[in-house]
Amino acid sequence: MEVKLRKLLFVGTILYTLLILYFMFFAFSRLDHWNSDYGYTFILVPEGVPLRFPKLTFSWVYNFGNIAAFIPFGVVIPLLYRSSFGKFISFFVLTILVLETMQALTHLGSFDVDDVISNTIGAAIGFIAYKVGCSSKISYKKLIASALSIVVLLVGVIVISETINYVVAKRESPIQALHDVKEMNGTMPMTENLPSFTVAGKKIEPKINVYYSEGDKRKSYTYILGNKKDVTFYSYFGIPDKGDSKGELTILVDGNQRVHYQYNEQYNNGTEPLNIPFYDKVNEITIIVSGNAKLWDVGFSEMKHWWE
């Protein structure tokens, strides 16, 4: 390589490195949000795949940038300092680990293993492109081959990421009737010959179950889910037009009140669809109904892997 070209590459690499450091430590208003009271943030377990199919979202652009921004290092560093892939990638990973640690220790970011993986993938793609077109005498054909290799490798990363995500991602299971799980106190909702009724003039025809009280006496239904995680509770709630217009619903999860509705003459908003996610583990769920309130089509779903 000519001395003049080498100097230009060296200066360009320094300037580009400063630009990357600016984005890592000062961009996105990091100084405005600086606060040492929050402590250090170290994310050591990957939370997602490096790059998904293109989407017009900030998240996708950010993830793409985390890979693409480090591709040039995989090209210019081996050009300036000949080295094997093993030595180059080892040096690069060590450098990124130091920078991510500095982000966390200075409270100007966090140590995120996802960033380390994405940045390393970008550098590896750049090194392969360097081997394809820049390791010997540079020509237009080799430059085109390098550019195409970058595109092909980025597409490959996307395909692999989507495959991994499909395999490991959780999906919502079909909705299961709540009364199908083990009851704790033996109280059962109405599950057969379900009556129809009207709420705010709208005819309701329950399909799964109906939870109700007995006159002025409230009724409690308790179920054991068995420490299920990522559960979503589904149902409908309302006060039928016939009878007393007062009613109340309370839902307890492991003894803690999570939902409370109280209806009277002044407040009757018709049918209330309930869609309540519980992200923590749920062992016991209790439904308490009083007055003329009715709860129907009560069920739940879980987030599961495909093999579950």
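The table below gives the values:
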read-out	value
Identity of the residue in segment 52-70, in a loop (DSSP other than H, G, I, E, B) and modelled with pLDDT of 95 or more, that ends up surrounded by the fewest Cβ atoms within 10 Å (Cβ to Cβ)	A69
Residue within segment 71-84 that is outside any helix (DSSP H, G or I) and touching a strand residue (DSSP E or B) at 6+ places or on another chain (Cβ under 8 Å) present	no
Pairs where the first residue, in segment 161-190, is in a loop (DSSP other than H, G, I, E, B) and the second is of a type in the set (G, A, S) and open to solvent by 30 Å² or more (accessible area, probe 1.4 Å), C-beta under 9 Å, 6+ apart	V181/G226; K182/G226; N185/S220; T187/S220
Among (1) touching a helix residue (DSSP H, G or I) at 6+ places or on another chain (Cβ under 9 Å); (2) within 20 Å of Q103 (Cα to Cα); (3) open to solvent by less than 100 Å² (accessible area, probe 1.4 Å); (4) at pLDDT below 90, the one test that G48 misses	(2)
Residue count, segment 92-120 (criterion: in a helix (DSSP H, G or I) and either of a type in the set (D, E, K, R) or open to solvent by 40 Å² or more (accessible area, probe 1.4 Å) (or both))	12
Subset tally (residues that are touching a residue at least 24 places away in the same chain (Cβ under 8 Å) and either among the aromatic types (F, W, Y) or in contact with a Ser or Thr (Cβ under 6 Å, 6 or more places away or on another chain) (or both)) for segment 68-118	11
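Yes or no, residue by residue, for (1) assigned to a strand (DSSP E or B); (2) at pLDDT below 90:
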| residue | (1), (2) |
| --- | --- |
| K207 | no, no |
| Y221 | yes, no |
| T250 | yes, no |
| H260 | yes, yes |
| N269 | no, yes |
| N275 | yes, no |
| I285 | yes, no |
| F300 | yes, no |
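The values are calculated or read from the model by the stated rules, or taken from the named source; none is laboratory data. Here the structure is a predicted model, which means the values were calculated and not measured. Virtual Cβ from ideal backbone geometry, glycine too; neighbours counted across all protein chains shown. Note: accessible area is taken over every heavy atom of the protein model, side chains too, but ligands, DNA and RNA are not part of it. Shrake-Rupley method; radii C 1.70, N 1.55, O 1.52, S 1.80 Å.
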